[in-house]
Amino acid sequence: MKYVSSFELGISILIFSIVCLSCSRIEPENESSSEIATALVSGMMNTRPDGTQARKLNFALIKEAVAGFSCPTPATGSNGIDCSVDASGKMMTLNYNSCNFGNNSAVWKGSVLLTSSANVSCGTFPSELPGATLTRTFGPDTVRSIGNSVHVTKIETTEKSGYAQPVSGGTRITFETDTDQAIDILGVHLTATKQFRGKGNEGRVLTVWDHTTSTPESQPLRAKRVSGGLVLDGTLITQNNFDLSTGTSVFEGVTYVSGCCHPVSGTVITRFSGSKNGTESLKFTHDSCGSAQFKNLAGKTTPLSLVHCL
């Protein structure tokens, strides 16, 4: 059985995979800030299938991908093929060449860069010892595609973005103790496009959303390992670069358990400023993996099924 390291249990986040792209909805245009924030963190928390502290946690959140199409992880990357280490010995690059994670149909192209405070090596996950840090960024033009490249999400961590407060830098985890991690989301820029098909639409590309996410300066998310899971608390800021609004999402007791890449309990409450005001929320239920109750700005509550971890 494969397990997830506390680095993924510590991203967006990212890592990544960032926000749910199809949460009981047909088109991704309507993604809420609460969903964006949650999917970023879920992606961060579920990026790869093994790691030292994950074995202690007994997490099994990512299924093994089909042989030959699996995206490399620090534990599976092969030096000189899909993994390399720079001259400093502290930065590992994993190349994504039209690969996927698990049985997910999403296809990744690009690269992820893991920079540790300790030496790294292809085939081994970076240090998670207390005091160690690990920063995750993405290479240029890293994208995640679904639906035969109809829906494409681009992930940018180098160039600054954000209509109100430009940020960049990816995500950084500080392993404080065997059970506690601090997660700084320094800056992640997510843009989603829809590429149209069919007669008369050839070459038409529509940007459907554009978000920049980060944690407040000197206020990282806090992740704590508990029996059978991991509990996350803290604040994440999502700048909507389309409508010029900012959602400040507060994670309260958001809990991840074995077998589900989405939260199973806790709440995310998002308060808006800028071009719109009000509050929306996600309350997670354990009816099924990814099930939640979403309350929109108008106060209407509807069931929601989170589908993707970016």
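Amide H contacts of Ser265: Thr255, each under 5 Å away and 5 or more positions distant or on a separate chain (H built 1.01 Å from N in the peptide plane; Pro and chain starts excluded). Our compactness index for the stretch 112-176, the C-alpha radius of gyration over the empirical 2.2 N^0.38 Å, is 1.39. The residue list Phe294, Gly253, Phe284 was ranked by how far each Cα lies along the charge dipole of the stretch 240-310 toward its positive end, using unit charges on Cβ atoms, and Phe294 comes out on top. Between Leu206 and Gln293, the FRET efficiency estimated from the beta carbon spacing at R0 = 22 angstrom works out to 0.15.
Across the stretch 200-214, computed HN-Hα scalar couplings (Karplus, 6.51 cos²θ - 1.76 cosθ + 1.60, θ = phi - 60°) run x, 10, 4, x, 6, 10, 10, 7, 9, 7, 8, 10, 10, 10, 6 Hz from first to last residue, x flagging Gly and Pro.
List Lys109, Lys160 from most exposed to least, where exposure is judged by having the fewest other Cβ atoms within 10 Å.
Details: Lys109 18, Lys160 13.
Final ranking by Cβ density, sparse to dense: Lys160, Lys109.
Can you sort His211, His286 by how many other beta carbons sit within 10 Å, fewest first?
Values: His211 24, His286 12.
If I rank by nearby Cβ atoms, fewest first, I get His286, His211.
Take Val264, Val188, Val150, Val41 and order them by how many other Cβ atoms sit within 10 Å, fewest up front. Kindly include the intermediate steps, with their values, before the conclusion.
Values: Val264 21, Val188 33, Val150 12, Val41 36.
The fewest-first ordering by Cβ neighbours comes to Val150, Val264, Val188, Val41.
Note on Thr255 and Thr179: their simple-model spin labels are 1.5 nm apart, each label 7 Å out from Cα toward Cβ.
Annotated for the stretch 168-310: lysine pairs at least 8 residues apart or interchain, Cα distance under 26 Å, count 6.
The simple Förster model, with R0 at 25 Å and r as the Cβ-Cβ distance, assigns Ser275 and Asp233 a FRET efficiency of 0.35. Only the Cβ atoms of Lys and Arg (+1) and of Asp and Glu (-1) were treated as charged; on that basis the dipole of the stretch 151-244 about its Cα centre amounts to roughly 500 debye. Remark: the Ser218-Phe242 segment gains 6.0 nm on full extension, using 0.36 nm per residue and subtracting the alpha carbon distance. Here the peptides 123-133, 249-259, 295-305 are ranked by packing, the mean other Cβ count within 10 Å, and the order with the highest first is 249-259, 123-133, 295-305. Working note: Karplus 6.51/-1.76/1.60 with θ = phi - 60° gives the stretch 257-264 the couplings 10, 4, x, 9, 8, 10, x, 10 Hz, where Gly and Pro are set to x. Each residue of the stretch 225-240 is assigned a 3J(HN,Hα), and the resulting list reads 6, 10, 4, x, x, 9, 10, 10, 9, x, 10, 10, 9, 10, 8, 8 Hz, derived from the Karplus form 6.51 cos²θ - 1.76 cosθ + 1.60 (θ = phi - 60°), x at Gly and Pro. Close amide H pairs (under 5 Å, H built 1.01 Å from N) link Lys276 with Thr246, residues at least 5 positions away or on another chain.
Where does the charge balance sit around Pro216 when Lys and Arg score +1, Asp and Glu -1, over other residues with C-beta under 15 Å from its C-beta?
Working: positive: Arg172, Arg222, Arg271; negative: Asp184, Glu217, Asp233.
After counting each charged neighbour, the total is 0.
Annotation: amide H of Cys99 within the under-5 Å range of Trp108, sequence separation 5 or more or interchain, hydrogens built in the peptide plane.
Can you tell me which of 77-86, 238-247 comes out highest on packing, and rank the rest after it, using the mean Cβ neighbours within 10 Å? Let's see the in-between values first.
On the way: 77-86: 15.2, 238-247: 20.0.
Top of the packing list down: 238-247, 77-86.
Readers should treat all values here as calculations from the given coordinates under stated rules, not as data from a laboratory. This one's a predicted model, so the numbers in the text were calculated from it and none came from an experiment. Heads up, the Cβs are rebuilt from the backbone with ideal geometry, glycines too, and the neighbour counts pull from every protein chain shown.
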